[in-house]
Amino acid sequence: MSDGNRRTAALSDARGMTLVELLVAVVILTVTLFALAAATGVTARQVDMGREDTDSWMALQTQVETLIQQGYDDLVDGSAEVNGHPIRWTVAAGNPKKVLIMVERWNTNRRIVEDTLLFYLAEGE
């Protein structure tokens with residue numbers, strides 16, 4: 001066998017990637033990268049909404065503590081804005097007083113929604 005024939009036989013026996021295999025690998029890699037990019041966007045939006053939820057509930061908790069500190073006798077209907085969140089509350093007479101407190105926040109569809117918390121405050125001795 002001549003030198004040229006050996007080289008041709010060696011090249012034809014060599015295992016390597018064909019152009020089609022390379023194109024398939026590039027397509028798979030591209031689809032995977034686009035999926036990861038989309039997931040990153042969804043994750044960022046969920047983190048932002050989690051932050052908004054946490055901020056609104058912290059504002060609500062702050063207002064609840066303020067109402068409790070006011071005391072039983074001074075507790076009446078009202079509204080306030082705490083850390084940029086509009087909060088309003090209603091107080092039903094009786095012992096214990098029933099306090100319904102609402103806070104506005106943005107939901108995942110970027111619409112304003114209202115979360116509600118109910119608590120009771122009894123007259124202390």
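If the chain between ARG111 and SER79 were fully stretched, how many nm would it gain, using 0.36 nm times the residue separation less the Cα-Cα distance?
9.4 nm
Taking only C-alpha pairs under 8 Å that are 6+ residues apart, what is the relative contact order of the chain in percent?
For the chain, the relative contact order is 17 percent.
Place the peptides 59-67, 94-102 in order of packing, highest mean first, counting for every residue the other Cβ atoms within 10 Å and averaging per peptide.
59-67, 94-102
Which value, in Å², gives the accessible area per residue of the chain when a 1.4 Å probe is used on the protein heavy atoms?
With the other protein chains kept in place, the chain gives 74 Å² per residue.
Counting only other residues whose beta carbon sits under 14 Å from that of ASP115, what net charge do I get with K and R as +1, D and E as -1?
Taking every Cβ under 14 Å from that of ASP115, the sum is -2.
For a Förster distance of 30 Å, can you work out the FRET efficiency between the beta-carbons of LYS98 and THR54, rounded to the nearest 0.05?
Efficiency computed from Cβ-Cβ geometry: 0.70.
Working from the pairwise distances between different alpha carbons, so that the mean of 1/r is found and then inverted, what is the chain's Kirkwood radius in Å?
Evaluated on the chain, it is 20.0 Å.
Calculate, for VAL42 and GLN70, the FRET efficiency according to 1/(1 + (r/R0)^6) with r their C-beta to C-beta distance and R0 41 Å; round to the nearest 0.05.
Given R0 = 41 Å and the Cβ-Cβ separation, E is 0.45.
The values are calculated or read from the model by the stated rules, or taken from the named source; none is laboratory data. What you are looking at is a predicted structure, and each value in this text was computed from that prediction instead of being measured. Cβ sites come from the backbone with ideal geometry, for glycine too, and all protein chains shown count toward neighbours. Areas reflect the complete protein model, heavy atoms only, side chains present, ligands, DNA and RNA absent. Shrake-Rupley method; radii C 1.70, N 1.55, O 1.52, S 1.80 Å.
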